[in-house]
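Engineer: Mind looking over this structure? Questions follow.
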Amino acid sequence: MIPPRLIYKNGILKVLDQRLLPDRIKYLPIRDAAGTAKATKDMALRGAPLIGCAAAFGFALEMRRLRPASSAELARAAISTADLLKAARPTAVALFYAADRMLEQALAFAAANPGKFTPGTIKQFTALAEREARLVTSEDQAACRAMGKYGSALLPDNCVIMTHCNAGALATMGIGTAVGVITAAHEAGKVKHAYACETRPYLQGARLTIWELMRGNVPSELITDNMAAHIIKTCGVNAIVVGADRIAANGDTANKIGTYGLAVIAKYHKVPFYVAAPTPTIDSKARSGDSIVIEERSVKEVTFVKGASIAPRGVKVRHPAFDVTPANLITAIITERGVISPVNRRNVVKITR
Ligand code: MRU
């Protein structure tokens, strides 16, 4: 079992601090939206769907803390809270989806209850915000289960599968997206072996994914990212499945840095390349991957590993945290509503309707 990632109780959000995994299981208590945004920025919590769920709870926490006294105050607070949450990280659209969904609820409530609020009105809105945050979470859990089912059905028996980064339970409130597909296939007796790429520089694969696979008793091995081509060529890999942070309307997919390279290798070796992502990951406003903002993170995440410097002092470094895989390298996108294949604008747009 993977420990709960978020626990919301009595106006406190406890966040599993993923920076300490797999060595320590520790929760950070969070009481407001600023704390939620900071935990997201600092990577205490991470993974596209999870940062969306946390943002929804962060929004509810902030409303509970502020107790806006009128509809105008609520609208103002809701807009600034959503902006604060959305500024935490730029690439994963789940964050924007959840913050905007909470904002919409707040604005609708303000419009339906104009003027000064009574203590009863404030209580009513707090309960509504908490309910909506729980709904965002339960929808994510249901989506993960559905993707597991659809994804597992795509895989052959005795499958040798590879994944990148962490798109597991730790990145969601459910069983995970890509790793959810692997564990569902494992439960169906279809997985012969799974490979997790370590995912430099932040090592989500080494610290998180392989830990999840081991805890799920999935026969698996950890590899460094530069072993992928060799393992695909020599170890009978017959499917690659990854998650996504944002999918453009034409199917171009932003995911953890290294995903694009893996898709190119998969194409060369004629190995199907699957993306598993819930439909809120689809950003219909992004016409193609070119309009997806790629987060640039601290160079220290490249030059230091577990606090130890691994490069010369003063070195110039790049750290794009995501890349975009063109739609034509993706065999299928597995969503909770079904499988998109072939991956093209028409089919992507169709599934969002
Ligand atoms: O920077 P992270 O750890 O938040 O990045 C996570 C990923 O890129 C995952 O592969 C992606 O969010 C899909 S999560 C189900």
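The values are calculated or read from the model by the stated rules, or taken from the named source; none is laboratory data. No experiment lies behind these values; they were computed from the predicted model shown. Here the Cβ is made from the backbone with ideal geometry for all residues, glycine too, and neighbour counts use every protein chain on show. The protein model used for the area step is the full one, side chains on, heavy atoms only, and it has no ligands, DNA or RNA in it. Shrake-Rupley method; radii C 1.70, N 1.55, O 1.52, S 1.80 Å.
Engineer: Test residue 175 against the criterion of being crowded, with 24+ Cβ neighbours inside 10 Å, outside the structural domain of residue 43 (by TED's automatic domain parsing) and touching a residue at least 24 places away in the same chain (Cβ under 8 Å), and give yes or no.
Structural biologist: no
Engineer: Looking for whichever is of a type in the set (Gly, Ala, Ser) and either within 16 Å of the ligand (Cβ to nearest atom) or within 27 Å of residue 352 (Cα to Cα) (or both) here; the options are 229, 239. Which one fits?
Structural biologist: 239
Engineer: Which members of the range 100-121 meet the condition of being surrounded by 18 or more Cβ atoms within 10 Å (Cβ to Cβ) and in a helix (DSSP H, G or I)?
Structural biologist: Residues satisfying the conditions are 101, 102, 103, 105, 106, 109, 110, 121.
Engineer: I'm trying to understand the selection: among the residues of the range 244-281, which are buried (at least 24 other Cβ atoms within 10 Å of the Cβ), among the hydroxyl-bearing types (Ser, Thr, Tyr) and within 18 Å of residue 320 (Cα to Cα)?
Structural biologist: Within the range 244-281, 253, 259 qualify.
Engineer: Of these, 68, 49, 114, which one is touching a residue at least 40 places away in the same chain (Cβ under 8 Å), within 14 Å of the ligand (Cβ to nearest atom) and in the same structural domain as residue 16 (by TED's automatic domain parsing)?
Structural biologist: After applying the criteria, what remains is 49.
Engineer: Could I ask something else about it? Taking residue 331 and the conditions (1) more than 30 Å from residue 190 (Cβ to Cβ); (2) in contact with a helix residue (DSSP H, G or I) (Cβ under 9 Å, 6 or more places away or on another chain); (3) open to solvent by 10 Å² or more (accessible area, probe 1.4 Å); (4) more than 16 Å from the ligand (Cβ to nearest atom), which numbered condition does it fall short on, given that it satisfies the others?
Structural biologist: Failed condition: (1).
Engineer: A further question on this structure: Out of all the residues in the range 186-223, which are within 11 Å of the ligand (Cβ to nearest atom) and either touching a Cys at 6+ places or on another chain (Cβ under 6 Å) or without any contact (Cβ under 8 Å) to a residue 40 or more places away in the chain (or both)?
Structural biologist: Of everything in the range 186-223, those that are within 11 Å of the ligand (Cβ to nearest atom) and either touching a Cys at 6+ places or on another chain (Cβ under 6 Å) or without any contact (Cβ under 8 Å) to a residue 40 or more places away in the chain (or both) turn out to be 199, 204, 205.
Engineer: Let me ask something else about it. Just give me the residues in the range 1-21 being surrounded by 15 or more Cβ atoms within 10 Å (Cβ to Cβ) and either within 16 Å of the ligand (Cβ to nearest atom) or among the aromatic types (Phe, Trp, Tyr) (or both), in sequence order.
Structural biologist: Correct list: 2, 5, 6, 8, 15, 16, 17, 18, 19, 21.
Engineer: Something else about it: Identify, by number, the condition in (1) within 16 Å of the ligand (Cβ to nearest atom); (2) open to solvent by 50 Å² or more (accessible area, probe 1.4 Å); (3) over 30 Å from residue 183 (Cβ atoms) that residue 37 doesn't meet.
Structural biologist: Of everything listed in (1) within 16 Å of the ligand (Cβ to nearest atom); (2) open to solvent by 50 Å² or more (accessible area, probe 1.4 Å); (3) over 30 Å from residue 183 (Cβ atoms), residue 37 misses just condition (2).
Engineer: Of all residues in the range 35-53, count the ones that are in contact with a helix residue (DSSP H, G or I) (Cβ under 7 Å, 6 or more places away or on another chain) and closer than 17 Å to residue 10 by Cβ.
Structural biologist: 1
Engineer: Is it true that residue 336 is free of Cβ contacts under 8 Å to residues at least 60 places away in the same chain and under 19 Å from the mean Cα position of the chain (by Cα)?
Structural biologist: Taking the combined requirement at face value, the residue does not satisfy it.
Engineer: Please find, among 240, 232, the residue that is more than 20 Å from the chain's Cα centre (by Cα) and modelled with pLDDT of 95 or more.
Structural biologist: So the residue among 240, 232 that is more than 20 Å from the chain's Cα centre (by Cα) and modelled with pLDDT of 95 or more is 232.
Engineer: Let me ask something additional. What residue, among those in the range 52-65 that are among the charged types (D, E, K, R) and buried (at least 16 other Cβ atoms within 10 Å of the Cβ), is nearest to the ligand (Cβ to nearest atom)?
Structural biologist: Per the stated criteria, the residue is 62.
Engineer: From 183, 163, which residue is in contact (Cβ under 8 Å) with a residue 40 or more places away in the chain and within 15 Å of the ligand (Cβ to nearest atom)?
Structural biologist: 163
Engineer: While we're on this one: Restricting attention to the range 243-263, which residues are away from the ligand (no atom under 14 Å from the Cβ), under 19 Å from the mean Cα position of the chain (by Cα) and not aliphatic (A, V, I, L, M)?
Structural biologist: Residues satisfying the conditions are 251, 252.
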